[in-house]
Amino acid sequence: MAYSAEAIRNVALVGHRGTGKTSLHEALLFEGGVLARLGSVSDGTTASDVEADEQARQMSISMTLSSFEWAGRKINLLDTPGEPSFIADALGALRVSESAIFVINAVMGAEVTTRRLWKVAAERDIARMLFVNMLDRERADFYRTLESLKSAFGPHVVATEIPIGSEQSCNGVVDLVDMRAYRYEGSGRGNATEIEIPEQESARAQEYREKLLDEVAEVSDELMERYLEGAEISHEEIVDALKRGTNHGSIFPVVCGVATRNLGTNRLLEAIVEDLPSPVEHGAFETDEVTLEPLADRELFAYVFKTRADPFAGRINLLRVYQGTLAHDTQLANTRSHSKERIGQLIVFAGKGTTTADSFGPGDIGGVAKLKDTRAGDWLAARDEPIRMPTERLPAPVMAFAIEPKTKGDEDKVFTSLRRLQEEDPTIDLHRDAQTGQQIVAGLSQIHVEVIVDRLRSRFGAEVTLKPPRVPYQETIRAGAKAHGRHKKQSGGRGQFGDCHIEIAPLEPGGGFEFVDRIKGGAIPNSFIPAVEKGVREAMEHGVLAGYPVKDVRVTLFDGSFHSVDSSELAFKETGVTQAKQALEQANPVLLEPIMMVTIAVPEDTVGDVIGDLNSRRGRPQGMEPNGAITEIKAELPMAELLAYAPDLRSITGGQGDYTMEFLRYEEVPGHLVAKVLGAAAQEPVRA
Ligand SMILES: Nc1nc2c(ncn2[C@@H]2O[C@H](COP(=O)(O)OP(=O)(O)O)[C@@H](O)[C@H]2O)c(=O)[nH]1
Ligand SMILES: [Mg+2]
C-alpha cells in the first residue's frame with residue numbers, strides 16, 4: 001500500500017564535506033530501527049558510502065536514498081556529497097525534497113559549500129533545519145557556531161535546543177520548546193533519559209528560550225500581539241508556529257548533537273516528523289506550464305532525479321512522484337524521448353538492503369529498475385506531455401584530460417563506459433577535441449577525474465591513461481587588414497577561377513565571428529558568396545600563429561570578380577581560405593588564453609601561503625572574506641596556471657583547502673610567455 005502524501009517527509013542531508021552527514025544518516029537509520037548496529041565512516045561500515053572508492057576516500061561521491069517508517073510517517077532521507085566536485089547530487093536532492101537538514105561542524109561553523117547550498121535551498125523555497133554536529137570535538141562551540149550561522153543565514157536562525165556540557169563532556173541536550181533535558185549514555189538505541197535541567201545550563205536555557213519565543217511570535221501578527229501584551233503562549237501554539245514558520249523559510253530551527261555517538265538523533269527524528277512539512281503542507285509543484293498536486297487519483301507525473309549505472313543490475317533510476325500514483329506493471333510515457341516505458345519493479349531502499357513496493361503515492365520517492373530509455377532529468381507521465389524542470393545550474397567541467405585506452409582496440413569499451421558514468425553524473429563532459437581529434441574527458445577537479453578513472457577500471461574493467469590537459473588557447477587580431485587575391489587554375493578542360501577582396505577587423509572580446517557581404521553590382525554572383533564565407537570560416541578554425549581557433553573578428557567581403565565559365569563554388573571557397581589567412585597574417589595576430597575566476601576556501605592561517613602561491617601563478621586576488629576559521633579568497637588566474645593546482649593547494653593547506661573555478665574571459669597571453677606556448681604547440685601540433 002502506498003503511503004498517503006500527508007505521511008511523507010522528504011529530507012535531504014546537505015552541507016560542507018566532512019560535517020558528518022553520512023554519520024548522521026547512519027545514526028538516524030540506526031535510531032529509527034532500520035540498522036541493527038551503528039556503522040562508522042572510518043570503518044567503512046555505514047549504510048551510505050557503500051562504493052569502494054567512497055570508503056577508500058572516506059567521502060561521499062553519490063547520493064544515497066534511504067526510506068523508512070518512523071512514528072507512522074515514511075521518511076525518505078537523502079545523504080548527499082559535500083565535496084564540490086560531486087555537488088550535482090546535492091543539487092539533485094534539493095530538487096526533490098521539501099526539506100533539508102544542514103549539517104554543521106561545531107568547530108568550523110558555516111563553511112563554503114554549506115553557504116552555497118543554502119542559497120540554492122532558499123531559491124527553491126525549501127524548509128531548512130540545522131543540525132550542529134560534532135559537539136564532542138575539541139574546540140567545538142555551539143554558541144559561537146550559532147553566531148556564525150546567524151551571520152551567514154540571517155536572524156531567523158534560532159536554537160530550539162542547546163547542548164549540555166561541551167567538547168568531550170557534552171552528554172545531552174535541553175529542549176527549549178518543552179524546557180526538558182535529556183542525557184545520553186553510550187551510543188545504543190534508546191540511549192536518552194530525561195533529567196532535570198542541570199544547574200549550570202538553566203540560566204542559558206532561559207535566555208535562549210526567550211530568543212526562541214521572540215522568533216516564534218513573529219510567525220503571525222496575532223501571536224506577536226499577544227506575546228507583546230505578555231500573554232502566555234501555549235506549548236501547542238509554539239509547536240504550531242515553529243512548524244508553519246519552518247515550512248516556508250521564516251524560521252530556521254537549530255538542533256544539535258553528536259552523530260557518531262547517536263546523541264540527539266532520536267530528537268532529530270522527532271523533529272523531522274513533527275516540524276518538517278509533508279508534500280501536502282509544502283504545497284503544489286508549479287512550473288510555468290503545470291501545477292502538480294500531491295493527489296493520488298490525478299494523472300501521474302514523476303520526475304527522475306538520479307540514474308545509477310550498475311554493470312550487473314543495470315540501470316536504476318530514482319524518481320519522485322509529484323502527482324498521481326506510480327504503480328508497478330504499468331506503461332508510461334517518457335516525455336523527453338516520447339517513448340513508452342514499462343514500469344517493472346518498484347524498489348524501496350531500506351538501509352543496507354532493498355525491498356519492493358506495488359506503488360508509490362504522490363510525494364513519495366523511490367527507485368525503478370531496468371527502464372530502457374530513461375535517465376536523470378526525465379519525466380515519466382500518464383500521457384506524453386512535456387514538462388520542463390528548471391535546468392540545474394551545474395558548475396562547468398574545467399579539468400580536462402585527453403583519455404586513451406591502455407589496450408589498443410578498447411576505444412569502444414572505454415567510450416561506452418564513460419557514457420554510462422556520464423548518465424550518473426551530469427558534470428562529466430565528454431567530447432572529441434576538434435583541434436586534435438583527441439577524446440577529451442573533463443570534470444570539475446582533479447579528484448573528480450580521478451574518481452572517473454577509478455570507476456572505469458573497477459566497474460567496467462577499462463584501463464586508461466590520461467594526458468595532461470591542453471589549454472584551449474585562441475587567436476585574435478589587434479589591427480585591421482585587407483587582402484586581395486585570385487584563385488586560378490588552368491589545367492586542361494574547365495578552369496578554376498575565384499577572385500575576392502576582403503577586409504578583416506577586430507571585434508569586441510566575446511564578439512565571435514561575423515561575416516559581412518558588401519558586394520555591389522554583382523561583382524561576385526550571390527550564389528558564390530556563401531562559398532567565400534565557408535572558406536573564410538574554415539581559415540578561422542586554425543589561426544596563423546599556432547593553429548588555434550580565431551575569435552572576435554569581422555570579415556567583410558567588399559569586391560571581387562568572376563568568370564562566367566571557370567568560376568565555381570570550390571574556387572571561391574579556396575580563395576576565401578587563402579585571402580583570410582593572408583589578412584590574418586597582416587592584422588597583428590595575438591594569442592589569447594582563458595582566465596578563470598577561482599574561489600578558494602582555506603583555513604585562516606594558510607591565507608598568506610595561498611596568496612603567495614597565487615602570485616607565483618600570475619594570479620590577481622579579487623577579494624577575501626573571512627568566515628569563521630575559513631577564509632574565502634577570490635582570484636583571477638590563467639587556466640594554464642591551474643592545471644595542477646589541486647595537489648598543490650592540498651599540500652599548502654594540509655588537505656583543508658577547497659576551490660572551484662569558472663571561466664571568466666579570454667585575455668592576451670603576456671609577451672614573455674608567447675614563445676613558450678608557441679613552442680609547446682609546435683611540439684604537439686593542434687592541427688588535425
Ligand atoms: N567526533 C566526531 N566525529 C564525527 C562526528 N560526525 C562525524 N564525525 C567524523 O567526521 C568524519 C566525516 O564524517 P562524514 O559522516 O563522512 O561526513 P560527511 O562528509 O558530511 O558525510 C568521519 O571521520 C566521521 O567519523 C561527530 O559528531 N563527532
Ligand atoms: Mg558523506
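Observations
- For the stretch 435-574, the fraction of 1.4 Å probe accessible surface lying on carbon and sulfur atoms is 49 percent.
- Packing-based order for 596-605, 16-25, using average beta carbon neighbours within 10 Å, highest first: 16-25, 596-605
- Which of 45, 130, 176, positive extreme of dipole for the chain (C-beta unit charges): 45
- The stretch 345-414: C-alpha gyration tensor shape, a/c 1.5 cut-off, then a/b vs b/c: prolate
- Simple label model, 7 Å out from Cα along Cβ direction - residue 328 to residue 342, nm: 1.5
- Sites listed here are GluC sites (Glu not before Pro) in the stretch 98-143 whose DSSP assignment is loop and whose Cβ has at most 11 other Cβ atoms within 10 Å: 138.
- Three semi-axes describe the equivalent ellipsoid of the stretch 419-485; taken as square roots of 5 times the Cα gyration tensor eigenvalues and ordered largest first, they are 36, 12, 11 Å.
- When 64, 113 are compared by accessible surface with a 1.4 Å probe, the order from highest to lowest is 64, 113.
- Net charge dipole, the chain: roughly 3300 debye, given to the nearest 20, about the Cα centre with Cβ charges of +1 for Lys and Arg and -1 for Asp and Glu.
- Applying D = kT/(6 pi eta Rh) to the chain, where Rh is the Kirkwood radius over alpha-carbon pairs, T corresponds to 37 °C and eta to 0.692 mPa s, the Stokes-Einstein value obtained is 115 µm²/s.
- Simple spin-label estimate for residue 69 and residue 43 gives 2.9 nm between the two label positions (7 Å along the Cα-to-Cβ direction from each Cα).
- Ordering 553, 515, 580 by the projection of their Cα atoms onto the charge dipole of the stretch 475-587, which places +1 on the Cβ of Lys and Arg and -1 on the Cβ of Asp and Glu, puts 580 at the extreme positive end.
- Summarised as an ellipsoid, the stretch 8-283 has semi-axes of 28, 21, 17 Å, derived from the eigenvalues of the Cα gyration tensor scaled by 5 and square-rooted, with the largest first.
- Counting only protein heavy atoms and using a 1.4 Å probe, the accessible area of residue 208 comes to about 20 Å².
- Sulfur and carbon atoms: percent of accessible area, the stretch 161-314 [1.4 Å]: 44
- With the simple spin-label model, which puts each label point 7 Å out from Cα in the Cβ direction, the residue 620 to residue 248 separation comes to 4.5 nm.
- In this calculation the C-beta distance from residue 354 to residue 429 is compared with R0 = 35 Å, giving a FRET efficiency of 0.65.
The values are calculated or read from the model by the stated rules, or taken from the named source; none is laboratory data. Nothing here was measured: the structure is a model prediction, and the numbers come from that model. We place every Cβ from the backbone using ideal geometry, glycine too, and count neighbours over all the protein chains shown. Remember, those area values only see protein heavy atoms, side chains included, never the ligands or the DNA or RNA. Shrake-Rupley method; radii C 1.70, N 1.55, O 1.52, S 1.80 Å.
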